[in-house]
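The values are calculated or read from the model by the stated rules, or taken from the named source; none is laboratory data. All of these numbers come straight from a predicted model, not from anything done at the bench. Please note: Cβ atoms are built from the backbone with ideal geometry, for glycine as well, and neighbour counts cover all protein chains shown. Side chains are part of the model used for accessible areas, which takes the heavy atoms of the whole protein and leaves out ligands, DNA and RNA. Shrake-Rupley method; radii C 1.70, N 1.55, O 1.52, S 1.80 Å.
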Amino acid sequence: MRPANNDRDVSGGTYTLILELESPVTVEIGALGTHRLPAGQYAYTGSALGTGGFSRVDRHYELAAGDRSVRHWHIDYLLGHEAVSLRGDVRTPDADIECAVAADLPDGPVDGFGASDCNCRSHLSAGDDIRDRVAAAHRRATIE
């Protein structure tokens, strides 16, 4: 599922990608090394506050679809794996709540994932009903 391009896409903010691993995978994640991830639902929270705003999310969809191959960030290594499906995203425009959202979600399987520029344990989360949890975490973070 790829979001429709609209005026909101050029703004920036915080986003969380919703991923599904249909089977367990072993993936090399840059400097974090090789990790085995069980099948299930995952969420990756990132920031799109720089130049281009939410066009960064479009880049993630392109990588997941096989339209890109260059890997810059930890999430790129996961999105490029054939067993991973990108199922959508949740966005909060004009908000720098990346760490608050990540901290509010269940722990993920890889310490340091997506968190090389902050003190968070990880920005990759795992768990059932992850989409509902992500939406709630985005709402709570904007209230605080």
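So, in segment 34-44, how many residues would count as being closer than 25 Å to residue 94 by Cβ and open to solvent by 30 Å² or more (accessible area, probe 1.4 Å)?
0
Taking the criterion of being among the aromatic types (Phe, Trp, Tyr), in a helix (DSSP H, G or I) and surrounded by 15 or more Cβ atoms within 10 Å (Cβ to Cβ), would at least one residue in segment 77-99 satisfy it? Let's see the steps before the verdict.
Taking segment 77-99 as the starting set, the residues that turn out to be among the aromatic types (Phe, Trp, Tyr) are 77.
Narrowing further to those that are in a helix (DSSP H, G or I): 77.
The next check asks that each one be surrounded by 15 or more Cβ atoms within 10 Å (Cβ to Cβ); those that pass are 77.
Within segment 77-99 (the criterion being among the aromatic types (Phe, Trp, Tyr), in a helix (DSSP H, G or I) and surrounded by 15 or more Cβ atoms within 10 Å (Cβ to Cβ)), the answer is yes, since at least one residue qualifies.
Keeping to segment 45-57, report how many residues are open to solvent by 20 Å² or more (accessible area, probe 1.4 Å) and not hydrophobic (A, V, I, L, M, F, W, C).
Summing the residues that are open to solvent by 20 Å² or more (accessible area, probe 1.4 Å) and not hydrophobic (A, V, I, L, M, F, W, C) in segment 45-57 gives 6.
Please determine whether any residue of segment 77-98 is under 11 Å from the mean Cα position of the chain (by Cα) and among the acidic types (Asp, Glu).
yes
Return the total of residues in segment 103-128 being out of contact with any strand residue (DSSP E or B) (no Cβ under 8 Å at 6 or more places or on another chain), open to solvent by 60 Å² or more (accessible area, probe 1.4 Å) and not small (Gly, Ala, Ser).
The first filter runs over segment 103-128 and keeps only residues out of contact with any strand residue (DSSP E or B) (no Cβ under 8 Å at 6 or more places or on another chain), leaving 103-104, 111-112, 115-122.
This time we only want the ones that are open to solvent by 60 Å² or more (accessible area, probe 1.4 Å), so: 103-104, 111, 116-117, 119, 121.
Now drop any that are not not small (Gly, Ala, Ser), which leaves 104, 111, 117, 119, 121.
Number satisfying all stated conditions: 5.
Please find, within segment 101-117, the residue that is farthest from residue 35 (Cα to Cα) out of those that are free of Cβ contacts under 8 Å to residues at least 60 places away in the same chain and under 12 Å from the mean Cα position of the chain (by Cα).
Out of the qualifying residues, it is 102.
Look at residue 59 and say whether it is under 15 Å from the mean Cα position of the chain (by Cα) and part of a loop (DSSP other than H, G, I, E, B).
No: the conditions fail for residue 59.
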